[in-house]
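First up is the structure itself, then whatever we jot down about it.
The values are calculated or read from the model by the stated rules, or taken from the named source; none is laboratory data. Treat the numbers as computed from the prediction; the structure is a model and nothing was measured. Here the Cβ is made from the backbone with ideal geometry for all residues, glycine too, and neighbour counts use every protein chain on show. These accessible areas exclude ligands, DNA and RNA; they are computed on the full protein's heavy atoms, side chains included. Shrake-Rupley method; radii C 1.70, N 1.55, O 1.52, S 1.80 Å.
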Amino acid sequence: MSDSTLVSSVYRQALEVIEGVEPRIAEATRNELADQRGSLKLIASENYASPAVLMTMGTWFSDKYAEGTVGHRFYAGCQNVDTVESIAAEHARELFGAEYAYVQPHSGIDANLVAFWSILAHRVEGPWLEKASAKNVNDLTEEDWEALRRELGNQRLLGMSLDAGGHLTHGFRPNISGKMFHQNQYGTDPETGLLDYGALAAKAREFKPLVLVAGYSAYPRRVNFAKVREIADEVGATLMVDMAHFAGLVAGKVFTGDEDPVPHAHVVTTTTHKSLRGPRGGMVLATEEYAPSVDRGCPMVLGGPLSHVMAAKAVALAEARQDSFRSYAQKVADNAKSLAEGFSKRDANLVTGGTDNHLVLLDVSSFGLTGRQAESALLDAGVVTNRNSVPRDPNGAWYTSGIRLGTPALTTRGFGHDEFDAVAELIVKVLSNTQPGTTKAGDPSKASYTLADGVADKVKAASAEMLDKHPLYPGLELA
Ligand SMILES: *Cc1c(COP(=O)(O)O)cnc(C)c1O
């Protein structure tokens, strides 16, 4: 049997089993595949994991509790989970050249929580316990404990601002990172849109953060992590790099040297489901120095690990160590360039004028639209994107003025230069045929819009041709 025949029969039978219990879920699962197959997915944080990765998640490992670490569990019978977790961690260490890898976090946010509390444990709690000659916090007197709690809650974090492309976990006030730390933010140069290392250094000297966070969700350029580490060292900060978005480019050796965060950061966090193309989850890499505190992610901020997802992380990381993943990662970056050029030659505005990673940030204000209007009009035409603020966005974080577009997902389907050029053309076609609407009172609306008749159908037909040429999960037939 060919691979795709096998995969088809596995999923057909699995859906039959699900159908026997809750047919609406079987139907939604079928519909989700059809939707993913039939739309141009340009969401920069999404991808398509392999059938091997997806299938690994659907097993009885989901039924096992395994709080603790490999060989040191709070539950009996964890020998197979130990196997799975060790293999995932080993692949992660070897793939990224990391001294230590922690594969338990359930998501990117959880990985960041583990990192924050590990840094606090290593830099604040550890020295405190040593001073008090206590083995752990249970040995502290009430007075000491109160004072330590105040100290833990009195630390500073400096991260990239949300509208410059940072993530909400990098000190955004509504997020816990903006509440548990005194936060401060750095941004990008108003002229070039590029990260301004001089301004970052000046802010770090003035603010003296305990934690300096680098990494982004919507910045279309590479970062020189060697330079950021120098700044961290100068002010005595721990450098934490959140590579959630671009881990695939690090794994695929597109980002090397100063652009590879792993040799420069004390702690590196990531998701596993974005450009890395694994299961939905998180991971923390660390130096030997930070390893013991990261290793206490459970019980610090995590409960039982998702063993079925750790197993799928191991499979995905094994895939990412293959040569084919390197060429995939290179194509992701090349395709982002093709997409950017496609926009530039059609006079569309890109934040920073282009890209050298996996995403572009299109400023839609020259079309007279908000990000919200652009996102909705594109969705009507079968193009799935997400609106995103641009630096100093006049429309705020809800309506925004930008659209973020990434290449990891369609590159997995096999899209190349010509297809991404065509994608830029289709997007420009939709946006230039969209008019902003008005509110009931007749004022300009930031949400409503009209897309000229017939455009959505034309764009859908053109996309369908490309999507058919590059099928998602080729050969997988559910009926
Ligand atoms: C996506 C992302 C996260 C959060 O990941 P979740 O799995 O959604 O919790 C954290 N940091 C950055 C930089 C991200 O892009």
Worksheet item: T287 fails exactly one of the following numbered conditions: (1) over 26 Å from A52 (Cβ atoms); (2) within 11 Å of the ligand (Cβ to nearest atom). What is the number of that condition?
Response: (2)
Worksheet item: Does L362 satisfy being more than 30 Å from A164 (Cα to Cα) and of a type in the set (A, V, I, L, M, F, W, C)?
Response: no
Discussion item. Anything in region 338-376 that is charged (D, E, K, R) and over 14 Å from E425 (Cα atoms)? List them, or say none.
Written reply: D356, D363, R372, E375
Item to complete: Being outside any strand (DSSP E or B) and without any contact (Cβ under 8 Å) to a residue 12 or more places away in the chain is the filter here, so list the residues in region 61-72 that pass it.
Response: D63, G71
Worksheet item: Within region 73-86, is even one residue open to solvent by 60 Å² or more (accessible area, probe 1.4 Å), over 30 Å from A291 (Cα atoms) and touching a residue at least 12 places away in the same chain (Cβ under 8 Å)?
Response: no
Item to complete: Could you grab me the full set of residues in region 250-269 that are in contact with a Pro (Cβ under 9 Å, 6 or more places away or on another chain), within 16 Å of the ligand (Cβ to nearest atom), within 18 Å of R326 (Cα to Cα) and not in a loop (DSSP other than H, G, I, E, B)?
Response: V250
Worksheet item: Before we move on, is S107 more than 21 Å from the chain's Cα centre (by Cα) and either in contact (Cβ under 8 Å) with a residue 12 or more places away in the chain or open to solvent by 10 Å² or more (accessible area, probe 1.4 Å) (or both)?
Response: no
Worksheet, complete the sentence: Exactly one of A88, A115 is within 16 Å of the ligand (Cβ to nearest atom), over 30 Å from V384 (Cα atoms) and either of a type in the set (F, W, Y) or out of contact with any Gly (no Cβ under 8 Å at 6 or more places or on another chain) (or both), and that one is A115
Worksheet item: Being away from the ligand (no atom under 16 Å from the Cβ), in contact with a Pro (Cβ under 9 Å, 6 or more places away or on another chain), closer than 13 Å to L302 by Cβ and assigned by TED's automatic domain parsing to the domain that holds E151, is that true of even one residue in region 94-110?
Response: no
Worksheet item: Hey, among the residues in region 190-227 that are among the β-branched types (V, I, T) and open to solvent by less than 40 Å² (accessible area, probe 1.4 Å), which one's farthest from the chain's Cα centre (by Cα)?
Response: V211
Item to complete: Filter region 219-265 for residues that are out of contact with any strand residue (DSSP E or B) (no Cβ under 6 Å at 6 or more places or on another chain) and of a type in the set (S, T, Y) and give the result.
Response: Y219, T256
Response to the item:
Out of (1) among the polar types (S, T, N, Q); (2) touching a residue at least 24 places away in the same chain (Cβ under 8 Å); (3) surrounded by fewer than 21 Cβ atoms within 10 Å (Cβ to Cβ), the one T439 does not meet is (2)
Worksheet item: Can you tell me which of T450, T411, T434 is over 16 Å from L42 (Cα atoms), touching a residue at least 12 places away in the same chain (Cβ under 8 Å) and touching a helix residue (DSSP H, G or I) at 6+ places or on another chain (Cβ under 7 Å)?
Response: T434
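Having 3 or more residues that are closer than 30 Å to R73 by Cα is the bar; report the helices (runs of 4 or more DSSP H) wholly within region 285-348 that clear it.
Hits in region 285-348: 291-294, 297-300, 307-320.
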Worksheet item: For region 367-404, which residues satisfy the criterion of being among the aromatic types (F, W, Y) and out of contact with any Lys or Arg (no Cβ under 9 Å at 6 or more places or on another chain)?
Response: F367
Discussion item. Among the residues that make up region 111-132, is at least one of them under 20 Å from the mean Cα position of the chain (by Cα) and polar (S, T, N, Q)?
Written reply: yes
Discussion item. Take G171 and tell me if it is among the small types (G, A, S), in the same structural domain as G198 (by TED's automatic domain parsing) and within 15 Å of the ligand (Cβ to nearest atom).
Written reply: yes
Item to complete: Tell me which residues, restricted to region 15-33, are of a type in the set (A, V, I, L, M) and either open to solvent by 60 Å² or more (accessible area, probe 1.4 Å) or in the same structural domain as Y216 (by TED's automatic domain parsing) (or both).
Response: V17, I18, V21, I25
Fill in: Pairs, first in contact (Cβ under 8 Å) with a residue 24 or more places away in the chain in region 229-246, second away from the ligand (no atom under 16 Å from the Cβ) and among the basic types (K, R), C-beta under 7 Å, six or more apart
V235/R205; V235/K208; T238/R123; L239/R229
Item to complete: Working only within region 373-413, note down all residues that are basic (K, R) and surrounded by fewer than 24 Cβ atoms within 10 Å (Cβ to Cβ).
Response: R387, R392, R413
Worksheet, complete the sentence: Taking region 317-332 and keeping residues aliphatic (A, V, I, L, M) and open to solvent by less than 10 Å² (accessible area, probe 1.4 Å) leaves L317, A320, A329, V332
